[in-house]
Amino acid sequence: MVLPTLHPPSQVVPYFAPINPALFSSLWIMLLVAGLFFTGSFFVYETSVAKNAKRNAKREIFLAVVSSLFLGFGFVFLMLWSGVWL
């Protein structure tokens with residue numbers, strides 16, 4: 001078993017986040033609004049199509065996946081903005 005070696009502080013490179021933390025407040029709002037929009041359009045599509053009508057599975061899956069991605073990432077940025085580090 002090989003133990004990791006510790007580098008002296010002069011050789012350590014600081015970590016910079018790929019997204020500026022100042023943008024977290026804007027990101028969570030935009031992503032959650034987009035997610036709610038796609039969720040709403042998914043809900044409207046599901047309730048407006050008759051039971052006997054032929055449904056479009058590709059559209060349903062697309063709306064569900066896109067809305068869940070936007071809502072998921074929006075929630076992550078909401079938690080990061082509020083100080084809950086995931």
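What the table shows:
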read-out	value
Tabulated pairs, the stretch 54-81, first at pLDDT below 95, second assigned to a loop (DSSP other than H, G, I, E, B) and of a type outside the set (A, V, I, L, M, F, W, C), C-beta under 8 angstrom, 6+ apart or interchain	none
Members of the stretch 18-31 that are surrounded by fewer than 17 Cβ atoms within 10 Å (Cβ to Cβ) and either in a helix (DSSP H, G or I) or under 14 Å from the mean Cα position of the chain (by Cα) (or both)	Ile19, Pro21, Ala22, Leu23, Ser25, Ser26, Ile29, Met30
Residue selected from the stretch 32-55 under the condition within 18 Å of Gly74 (Cα to Cα) and aliphatic (A, V, I, L, M), by the criterion surrounded by the fewest Cβ atoms within 10 Å (Cβ to Cβ)	Val33
Counted residues, the stretch 32-70 - those being of a type in the set (Lys, Arg) and in a helix (DSSP H, G or I)	2
In the stretch 57-77, residue nearest to the chain's Cα centre (by Cα) [restricted to those that are surrounded by 14 or more Cβ atoms within 10 Å (Cβ to Cβ) and farther than 14 Å from Ala34 by Cα]	Val76
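The values are calculated or read from the model by the stated rules, or taken from the named source; none is laboratory data. Treat the numbers as computed from the prediction; the structure is a model and nothing was measured. Positions of Cβ are backbone-derived with ideal geometry, glycine not excepted, and every protein chain shown enters the neighbour counts.
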